[in-house]
Amino acid sequence: MEPCQLSATQAASLIQQRKLSAEELVRSCLARIEARDPTVRAWLHVDPAMVIRNARELDKLAPPGVNPKTPLHGIPWGAKDIIDTADMPTTHNSPIYPGVRTNRDAACIGVVRASGGVILGKTDTVEFASGGRKALSRNPYNPAHTPGGSSSGSGAAVGDFHVPFAFGTQTGGSHIRPAAFNGIYAIKPTWGVVSREGVRMSSMTLDTVGWYARCVDDLMMAAEAFRLPKTTEPFNAGPESLRVGVCRSPVWSAIEPAGADALALAAKRLGDAGAIVEEFILPDPFNHLHDAHADIVQTEGGWSFLPEYLSSYGILAPDLRDKVENLRGVTPEKLLASYTLADSCRPVFDRLFGRGLDVILTPSAPGEAPEGLHTTGSAIFQSMWTLLHVPCVAIPVGRGPKGLPVGIQIVGPRMSDTRLLGIARALAPVIDTDPQAPLRELWH
């Protein structure tokens, strides 16, 4: 196994034992990028000489006999190109900002650097992570298909072993969906618990920073660095003690056969492992959250892109202009009603958990990644959870009929991030048992 193929926790253990250096790991990742990125096209900016220099400096900080100060020491990360980095351009994949450097790090980049992590480069994204130009990134399993979006390059980079960690962001389904399409793990934390300072915003009340990895232990290692919320009831047991609600959600009509098979197979595997698995139906007000999310995204996006609309109208993407011009026709009254609905549903959702429910199991995407780079797939199975501000963890399940990965997500109440990751660690070995296997053969 090449170092670039290691999980973050495996690599961290070898670095701690002095069996792998930060420079060796970085060089392996760079070699993988050189070999594969002409096809996958995950990256917008990589400076190999600078990255190797940075890795060597980290190796000097932890010479033999001195333990690295955190497990993230020497571990490479990709950064979605809407996230500011002091030493690299932040272009937002927009013709408005070619080669622009902010000369500062976003807060999430600062946490990684202060923890000894290596920012390997900037990954491609949908323009402003909102609309307009699509990323050039391709699905590692079939380059004729999308890797999802808007965190397109980040999902593809982790899925194709370019880097063990990468940052994504989510306004609708921009983070969890690429995890499903690339066969990897992800956490979208509770809204607001990871600072968004230095991240280009398109929706102040929805945008959330998360990360991709190759296993739950990796997600947890980063969660420690970011000090995600810890409840008074951590989860350290097995799946047999869990009460799992299978939620098809109010948008089930959009499901595809591969997505339905993934959910059914995950539920069956959990039931066979001893979990109490029951159908879970959300109360009626939740049926209207998808439309409320659309109203909020369109309106807040209009507010966010007003500066570019005024200064760079001719090269601002038409669908971003549409947000500024409010082509959806969202009135102040309708917007307030959408905010009020979301505000009222959040505490109701939190109270659903307790004696009768530990976690929700629900689709992370309609099915396999669609063909073509003109689309990043549908966010319909994530938007409600994003609006509820709840943490979500993506777990792979298997392959659909086209041989592409399909996954599910588990969801918990707000501020239950570390408990949800503990549950994910118990469920993942049961759900993600045979990632190469066709779902339909297993389930049917």
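Which shape class applies to the range 161-320: rounded if a/c is under 1.5, otherwise prolate when a/b exceeds b/c and oblate if not, where a ≥ b ≥ c are the square roots of the Cα gyration tensor eigenvalues? Prolate.
Report the antiparallel proportion of the DSSP beta bridges in the chain as a percent, rounded to a multiple of 5. List each step's numbers first, then the result.
Numbers: 29 of 44 bridges.
Around 65 percent antiparallel, to the nearest 5.
Annotated for the chain: lysine pairs at least 8 residues apart or interchain, Cα distance under 22 Å, count 13. Using the alpha-carbon positions of the range 25-146, Rg (one decimal) and Dmax (whole number) come out as 15.4, 51 Å. So I have [x] 39, 26, 22; [y] 31, 28, 20; [z] 51, 28, 18, and one of them is semi-axes √(5λ) of the Cα gyration tensor in Å calculated from this model. Which one is it? It is the value labelled [y].
Determine, for Cys4, Cys29, Cys247, the number of other Cβ atoms within 10 Å of each Cβ, and report the residues in order from fewest to most.
Details: Cys4 23, Cys29 29, Cys247 20.
Taking fewest neighbouring Cβ atoms as first place, the list is Cys247, Cys4, Cys29.
Among beta bridges identified by DSSP and lying wholly in the range 303-444, the antiparallel ones come to about 90 percent.
Enumerate the helices in the chain for which the Kyte-Doolittle hydropathy averages 0.5 or more and the C-alpha atoms extend at least 15 Å along the helix's axis, using complete DSSP H runs.
Values: long enough: 22-40 (26 Å, -0.12); 48-61 (20 Å, -0.23); 257-272 (22 Å, 0.27); 289-304 (22 Å, -0.47); 332-351 (30 Å, -0.28); 417-431 (20 Å, 0.99).
Sorted by number, the helices that extend far enough and score high enough are 417-431.
Residue order for Ser13, Ser152, Ser253, Ser174, fewest other beta carbons within 10 angstrom first, comes to Ser253, Ser13, Ser174, Ser152.
The order of Trp211, Trp191, Trp385, Trp303, going from fewest to most other C-beta atoms within 10 Å of their C-beta, is Trp303, Trp191, Trp385, Trp211.
Could you quote the convex hull projected area for the range 236-300, Cα atoms only and averaged over all directions, in nm²? Don't skip to the answer; put the middle values down first.
Values: hull surface 25.4 nm².
Quarter of the Cα hull surface area: 6.4 nm².
For the range 57-207, give me the percentage of DSSP beta bridges that are antiparallel, rounded to the nearest 5 percent.
On the way: 2 of 9 bridges.
Of all bridge pairs located within the range 57-207, approximately 20 percent are antiparallel.
The label-point distance for Thr331 and Arg243, in a model that sets each label 7 Å from Cα toward Cβ, rounds to 4.3 nm.
Could you tell me which of rounded, prolate or oblate describes the range 117-167, using a ≥ b ≥ c as the square roots of the eigenvalues of the alpha-carbon gyration tensor, with rounded for a/c under 1.5 and, failing that, prolate when a/b is larger than b/c and oblate otherwise?
Numbers: a/c = 2.64, a/b = 1.20, b/c = 2.21.
Oblate, since a/c reaches 1.5 and b/c is not below a/b.
Please compute the length gained on full extension between Ala144 and His374, using 0.36 nm multiplied by the number of residues separating them and subtracting their Cα-Cα distance. Each step should come with its number before you reach the end.
Numbers: separation 230, 0.36 × 230 = 82.80 nm, distance 1.07 nm.
Using 0.36 nm per residue and subtracting the Cα-Cα distance, I get 81.7 nm.
No value in this document is a laboratory result; all are computed from the given coordinates. Quantities reported herein were computed from a predicted structural model and do not represent experimental measurements. Cβ sites come from the backbone with ideal geometry, for glycine too, and all protein chains shown count toward neighbours.
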